[in-house]
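Chemist: Handing you a structure now.
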Amino acid sequence: MKKILLTGGSGQLAQSFKSLFSTSYDLIAINSKLLDITDINNVEHILDKEKPDIIINCAAMTNVDGCENQSEKAYLVNGLAIKNFIDYFEGLFIQISTDYVFDGKNGPYSEKSKPNPLSIYGKSKLLGEEIVKENFQNHLIIRTNVLFDLNTEASFLDWIIQSLSKNKKINIVNDQINNPVWTNDLSKTISFLINQNLKGVFHVGSDTLCSRYEFARMIGREWNLDLANLSPISTSELFNQLDSYIAERPLNSGLVTEFEGMPNISLLNALINLKENN
């Protein structure tokens, strides 16, 4: 049984992977309090103790606007900290990345598309990709976008359900296009790639390209909530309204794969499964 170390172990992806594959792999999910990937001594200690065959690096600074305000920390956590694993690990290194490495001018993007990040977040994640490519012969870089799940702190899905359940009126951008992915679907795809012994860069997105506003309406319909409380707003309008909204976002984005064997991911089925099982 392969031993997998999940960094960022308290995050929604690591928790999803752990819940799905606890009997398929020997899993160790370690949160940032116990494993600070920016501390090389901490990294060396954990790797020497656990001796994993595979590392799935879910640790990241994901607050896009926070990265603009704390750029040095963003580059450290999302990029430079990966160097701390180089001398102490020779197995499969899996880096979780993002569609924010693209500029959003002509999406959706395939693995062959040329990155051109707009924000510090995107630039720092691209740096992480480059470090992985240069230093780990055995690697997977998995780009995804708009991860969602229920009962998680950073989930767009949770925010929409909670807001509409309270009859709160909310504005949702209607010009940021993505193909959102349920964490369970991403976890299953990661396991598929591991078991197929694949290497390189892979894109993971659902079968539905939609704006955040359209996605919010899909959620509202599935949970039988009042869609009248949803209002579309452009990204430029949101920039003008919110002082905290400072990072430039890729607009026409989304991810597609050129690998023909990649499992299909249905966005609607994901929402149905979440509703029925919670």
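Chemist: To the nearest 20 debye, what is the magnitude of the charge dipole of the range 1-144 about its Cα centre, counting +1 on the Cβ of each Lys and Arg and -1 on the Cβ of each Asp and Glu?
Modeler: 340 debye
Chemist: Please go through the range 16-118 and write out the chymotrypsin sites (Phe, Trp or Tyr not before Pro) that DSSP classes as loop and that have at most 10 other C-beta atoms within 10 Å.
Modeler: Here no chymotrypsin sites (Phe, Trp or Tyr not before Pro) fit, given the DSSP loop and packing criteria.
Chemist: Pick out, in residue order, every one of the GluC sites (Glu not before Pro) in the range 16-96 that is DSSP loop and has at most 14 other C-beta atoms within 10 Å; say none if there are none.
Modeler: Passing sites in the range 16-96 are E90.
Chemist: Of all accessible surface on the chain at a 1.4 Å probe, what whole percent is carbon and sulfur?
Modeler: 44 percent
Chemist: Also, quick follow-up: Residue by residue, what Karplus-based ³J(HN,Hα) values in Hz, rounded to whole numbers, does the range 56-66 have, using 6.51, -1.76 and 1.60 with θ = phi - 60° and x for Gly and Pro?
Modeler: 10, 8, 8, 5, 6, 9, 9, 6, 4, 6, x
Chemist: Still on this structure, please answer the following. Given Cα pairs under 8 Å that are at least 6 residues apart, what percent is the relative contact order of the range 95-144?
Modeler: Value for the range 95-144: 53 percent.
Chemist: How would the range 31-138 be classified by its alpha-carbon gyration tensor: rounded, prolate or oblate, with rounded meaning a/c under 1.5 and the a/b versus b/c comparison settling the rest?
Modeler: oblate
Chemist: Pairs of Cα atoms under 8 Å, at least six residues apart: use those to get the relative contact order of the range 1-156, whole percent.
Modeler: 22 percent
Chemist: Write down the accessible area per residue of the chain in Å², having rolled a 1.4 Å probe over the full set of protein chains.
Modeler: I get 47 Å² per residue for the chain.
Chemist: While we're on this one: Where nothing but the Cβ of Lys and Arg (+1) and of Asp and Glu (-1) is charged, how large is the charge dipole of the chain around its Cα centre, in debye to the nearest 20?
Modeler: In total the dipole reaches around 340 debye.
Chemist: Here is a follow-up. Taking DSSP loops as anything outside H, G, I, E and B, show the longest stretch in the chain free of trypsin sites (Lys or Arg not before Pro) there with at most 12 other beta carbons within 10 Å.
Modeler: 170-278
Chemist: Then there's this: Given points 7 Å out from each Cα along the Cα-Cβ axis, report the K105 to F192 separation in nanometres with one decimal.
Modeler: 3.2 nm
Chemist: Dividing the Cα radius of gyration by the Kirkwood radius, what Rg/Rh value follows for the range 202-278?
Modeler: 1.04
Chemist: Rank I28, N174, N229 by how far each Cα sits towards the positive end of the charge dipole of the chain (+1 on Lys, Arg Cβ; -1 on Asp, Glu Cβ) and give me just the farthest.
Modeler: N229
Chemist: Right, next: Would you be so kind as to identify which of T152, N184, Y213 lies farthest towards the positive end of the dipole of the range 124-224, taking Lys and Arg as +1 and Asp and Glu as -1 on Cβ and the Cα centre as origin?
Modeler: Y213
Chemist: Sticking with this structure for a sec: Which value, in Å to one decimal place, does the Kirkwood hydrodynamic radius take for the range 22-71 when every pair of different Cα atoms is included?
Modeler: 12.8 Å
Chemist: Rounded to the nearest whole Å³, what is the per residue volume of the convex hull around the Cα atoms of the range 103-153?
Modeler: Cα convex hull per residue, to the nearest whole number: 129 Å³.
Chemist: Further question: Please give the charge dipole size of the range 61-140, origin at the Cα centre, charges +1 on K and R Cβ atoms and -1 on D and E Cβ atoms. Round to the nearest 20 debye. Kindly include the intermediate steps, with their values, before the conclusion.
Modeler: Working: 8 positive and 11 negative charges, 34 e Å.
About 160 debye.
Chemist: What is the range 143-278 by shape, rounded, prolate or oblate, if you read a ≥ b ≥ c off the alpha carbon gyration tensor as root eigenvalues and call it rounded for a/c under 1.5, prolate for a/b larger than b/c, and oblate otherwise?
Modeler: oblate
Chemist: Same structure again: State, as an integer percentage, the relative contact order of the range 6-83 based on alpha-carbon contacts under 8 Å between residues 6 or more apart.
Modeler: Over the range 6-83, the number comes to 35 percent.
Chemist: Long-range amide H contacts for L27: which residues qualify at under 5 Å (H placed 1.01 Å from N, peptide plane, sequence gap of 5 or more or a different chain)?
Modeler: Amide H to amide H, under 5 Å and 5 or more residues apart or across chains, L27 pairs with I4.
Chemist: Another question, then. Based on the alpha-carbon set only, what is the convex hull volume of the chain divided per residue, in Å³?
Modeler: With only Cα atoms used, the chain gives 124 Å³ per residue.
Chemist: Dividing the alpha-carbon Rg of the range 118-220 by 2.2 N^0.38 Å yields what?
Modeler: 1.27
Chemist: Just list whichever of K123/K188; K105/K125; K114/K188; K73/K169 have alpha carbons separated by over 24 Å in the model shown. Intermediate values should be presented prior to the final figure.
Modeler: Details: K123/K188 27 Å; K105/K125 19 Å; K114/K188 27 Å; K73/K169 34 Å.
Pairs exceeding 24 Å: K123/K188; K114/K188; K73/K169.
Chemist: If you average the alpha carbon positions of the range 135-161 and of the range 207-278, how far apart do those two centres end up, in angstrom?
Modeler: 13 Å
The values are calculated or read from the model by the stated rules, or taken from the named source; none is laboratory data. Note that the structure is predicted; figures quoted are calculated from it, not measured. Every residue, glycine as well, gets a Cβ built from its backbone with ideal geometry; the counts of neighbours run over all protein chains shown. For the accessible areas, the whole protein counts, side chains as well, though only heavy atoms, and no ligand, DNA or RNA atoms are used. Shrake-Rupley method; radii C 1.70, N 1.55, O 1.52, S 1.80 Å.
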